[in-house]
Amino acid sequence: MRALLVELNPSSQPVTPIALGCLGAVLEAGGHEVRILGLGASSRFSPASLARFVQDFAPRLVGFSAYQRNIFHVKALAALVKEAAPGAAIILGGPQAAFLPESSLEALPDVDYLCRGEGEAVIGVLAEAIAAGGNGAAVPGATARAPCGGYATGAAPALAKSLDDYPSPWLSGLLDPSELDEAIMLTSRGCAHDCVFCHTPRASGRSVRSLSPERAVAEIAYVARRGSGRLWFADPDFAFDRRRALFILEEVARQDLRAALWLEARADHLDPELLALMKRAGVHTVAMGLESASADTCRQLGKSLDPERVRLAARQALAAGLDVELFSQFALPQERREDALCTLRFVQEAGVKIRGNSNAQQMHVYFGSKICADPARYGIRPLRARFDPCLSLGTEFETEWMTRGEIESVQAAWRAASQDGGKRVVS
């Protein structure tokens with residue numbers, strides 16, 4: 001069976017479709033033929049050319065990565081696919097699809113399935129059901145249109161205990177690092193914490209699973225040697241397991257891969273020894289989650305990390321010769337305008353350049369987060385009464401503590417202090 005997997009970033013450059021690569025590797029291991037398309041603002045394609053591609057490839061299964069930012073683009077492309085390949089089944093995956101209400105399928109008439117669980121655990125079983133002529137309504141981890149009307153969601157899928165159980169999109173040859181300016185790596189997923197603005201705790205069951213350090217090093221070495229050497233790690237916290245992080249970094253340094261690495265880690269998992277090893281292994285930037293410089297605000301977020309610990313880690317990283325990025329937000333629960341401006345001063349005083357990911361942004365309310373489940377409890381006031389069922393609030397809100405005008409004034413202050421005009425560019 002043929003499968004087409006598509007990632008669309010309408011307002012930014014195309015990036016390594018690492019999540020789709022992981023799914024594609026599972027499908028290839030199951031004997032299916034896979035094509036992956038990564039499309040972005042600079043991609044040269046027209047609806048007509050895409051329709052011809054779909055007609056020529058004739059996929060039975062088409063998967064889209066769904067996000068708040070691209071959901072309506074995906075809706076339009078799903079309609080195009082159905083016209084070009086009427087027999088194709090369309091599935092949405094990614095963070096948006098995982099928590100979309102079933103009613104969203106009414107607003108997405110050309111979408112057949114929503115992936116509710118870990119993609120690798122769902123996609124292979126679903127592909128087999130489709131290849132056998134079934135409708136996949138009982139596939140674990142998938143929501144489907146039921147044959148007699150309504151919707152059916154399968155049981156929770158069984159997850160691999162180790163990510164080593166899934167085939168590698170790199171080592172299998174599905175993704176080619178020589179074609180990429182920068183490769184996105186994913187060696188662990190999940191988070192053990194419970195921040196109220198984040199969907200990851202619910203998606204991961206507040207647990208972290210990872211590739212073995214040996215498999216991680218094998219992938220890093222393969223990609224670094226065959227590509228540009230620029231690697232961006234999508235792990236939520238590269239240093240969550242200190243022994244694992246030390247092993248990987250020591251091996252990268254020992255093999256002299258001459259790679260340039262970007263990674264993210266919690267500030268309380270960093271120390272001078274680990275930061276010095278990062279520098280030796282080729283890490284050029286370490287990013288950390290700050291969110292707010294107000295300890296009271298951080299407590300409201302469920303973020304068990306004092307801002308002063310972030311300040312210390314940032315200074316230690318800078319002293320080790322690393323660049324630092326601090327992720328921060330504004331319009332948070334119980335945060336006033338003056339609190340948000342204190343965060344701006346905190347970043348400046350820590351010596352962190354306000355550019356790239358250090359440009360703060362308004363908190364986004366996404367499906368799967370505790371705030372999205374009960375906005376009123378967190379003082380969130382939607383700016384309109386009705387939202388399309390496939391959209392969460394996003395940034396269309398004010399709070400009990402900040403009006404829309406105050407939120408915009410904080411955004412303007414950050415933009416004025418930015419060295420790159422407020423562009424949030426990942427690496």
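Within the stretch 373-411, count every residue that is assigned to a helix (DSSP H, G or I) and out of contact with any Gly (no Cβ under 9 Å at 6 or more places or on another chain).
Going through the stretch 373-411 one residue at a time, the tally reaches 12.
Quick check: is even one residue across the stretch 226-241 touching a Phe, Trp or Tyr at 6+ places or on another chain (Cβ under 9 Å), under 19 Å from HIS193 (Cα atoms) and either crowded, with 21+ Cβ neighbours inside 10 Å or of a type in the set (Asp, Glu) (or both)?
Scanning the stretch 226-241, I find no residue that is touching a Phe, Trp or Tyr at 6+ places or on another chain (Cβ under 9 Å), under 19 Å from HIS193 (Cα atoms) and either crowded, with 21+ Cβ neighbours inside 10 Å or of a type in the set (Asp, Glu) (or both), so the answer is no.
Look at GLU83 and say whether it is at pLDDT 95 or above and of a type in the set (D, E, K, R).
In short, yes.
Do we have LYS279 as touching a Gly at 6+ places or on another chain (Cβ under 7 Å) and not β-branched (Val, Ile, Thr) here? Working first, answer last.
Numbers: touching a Gly at 6+ places or on another chain (Cβ under 7 Å): yes; not β-branched (Val, Ile, Thr): yes.
So LYS279 fits the description; yes.
Kindly evaluate LYS353 against the criterion of being at pLDDT 95 or above and not in a helix (DSSP H, G or I).
Yes; evaluated as a whole, the condition is true for this residue.
Scan the stretch 37-68 residue by residue and report those that are exposed (fewer than 13 other Cβ atoms within 10 Å of the Cβ), aliphatic (A, V, I, L, M) and assigned to a loop (DSSP other than H, G, I, E, B).
Within the stretch 37-68, ALA41, ALA58 meet the criteria.
Which condition number does ARG355 fail, the rest of (1) among the charged types (D, E, K, R); (2) touching a residue at least 12 places away in the same chain (Cβ under 8 Å); (3) in contact with a helix residue (DSSP H, G or I) (Cβ under 8 Å, 6 or more places away or on another chain) being met?
For ARG355, the exception is condition (3).
From the list PHE99, PHE64, which one is within 30 Å of ARG386 (Cβ to Cβ), in contact with a Leu (Cβ under 9 Å, 6 or more places away or on another chain) and in contact (Cβ under 8 Å) with a residue 40 or more places away in the chain?
So the residue among PHE99, PHE64 that is within 30 Å of ARG386 (Cβ to Cβ), in contact with a Leu (Cβ under 9 Å, 6 or more places away or on another chain) and in contact (Cβ under 8 Å) with a residue 40 or more places away in the chain is PHE64.
Please go through the stretch 278-331 and give me each residue that is without any contact (Cβ under 8 Å) to a residue 60 or more places away in the chain, assigned to a loop (DSSP other than H, G, I, E, B) and not aliphatic (A, V, I, L, M), ordered by number.
GLY282, SER292, SER294, ASP306, GLY321
Taking VAL217 as the residue in question, decide whether it is over 21 Å from the mean Cα position of the chain (by Cα) and free of Cβ contacts under 8 Å to residues at least 60 places away in the same chain.
In short, yes.
Just a yes or no: is a residue in the stretch 190-202 buried (at least 19 other Cβ atoms within 10 Å of the Cβ), without any contact (Cβ under 8 Å) to a residue 60 or more places away in the chain, among the hydrophobic types (A, V, I, L, M, F, W, C) and within 25 Å of PRO140 (Cα to Cα)?
Yes: one or more hits.
State all residues of the stretch 295-315 that are modelled with pLDDT of 95 or more and either touching an Asp or Glu at 6+ places or on another chain (Cβ under 7 Å) or among the hydrophobic types (A, V, I, L, M, F, W, C) (or both); if no residue qualifies, say none.
ARG309, VAL310, LEU312, ALA313, ALA314
Residues of the stretch 159-207 being outside the structural domain of ARG225 (by TED's automatic domain parsing), out of contact with any Gly (no Cβ under 9 Å at 6 or more places or on another chain) and aliphatic (A, V, I, L, M), which ones?
ALA160, LEU163, LEU171
Restricting to the stretch 386-423, what's the tally of residues that are basic (Lys, Arg) and more than 20 Å from ILE354 (Cβ to Cβ)? It would help to see each step written out before you state the result.
First pass over the stretch 386-423, keeping only residues basic (Lys, Arg): 386, 404, 415, 423.
Still in the list and also more than 20 Å from ILE354 (Cβ to Cβ): 386, 404.
Here the count works out to 2.
Take residues that are in contact with a strand residue (DSSP E or B) (Cβ under 8 Å, 6 or more places away or on another chain) and not assigned by TED's automatic domain parsing to the domain that holds VAL26 and tell me which of the helices (runs of 4 or more DSSP H) falling wholly in the stretch 81-149 contain 1 or more. Please lay out each step first, then the result.
Working: elements: 95-99, 104-107, 119-131.
Hits in the stretch 81-149: none.
Is it true that some residue in the stretch 26-49 is at positive phi, more than 18 Å from the chain's Cα centre (by Cα) and in the same structural domain as PHE99 (by TED's automatic domain parsing)?
yes
Being crowded, with 19+ Cβ neighbours inside 10 Å, touching a Lys or Arg at 6+ places or on another chain (Cβ under 6 Å) and either on the phi > 0 side of the Ramachandran plot or at pLDDT 95 or above (or both), is that true of even one residue in the stretch 166-173?
no
Only one of ALA281, ALA265 is in contact with an Asp or Glu (Cβ under 6 Å, 6 or more places away or on another chain) and modelled with pLDDT of 95 or more. Can you tell me which? Full working, then the answer.
Numbers: ALA281 fails: in contact with an Asp or Glu (Cβ under 6 Å, 6 or more places away or on another chain).
Being in contact with an Asp or Glu (Cβ under 6 Å, 6 or more places away or on another chain) and modelled with pLDDT of 95 or more holds for just one of ALA281, ALA265, which is ALA265.
The values are calculated or read from the model by the stated rules, or taken from the named source; none is laboratory data. Small disclaimer: the values here were computed from a predicted structure and weren't measured. No Cβ is skipped: glycine too gets one built from the backbone with ideal geometry, and neighbour counts run over all protein chains shown.
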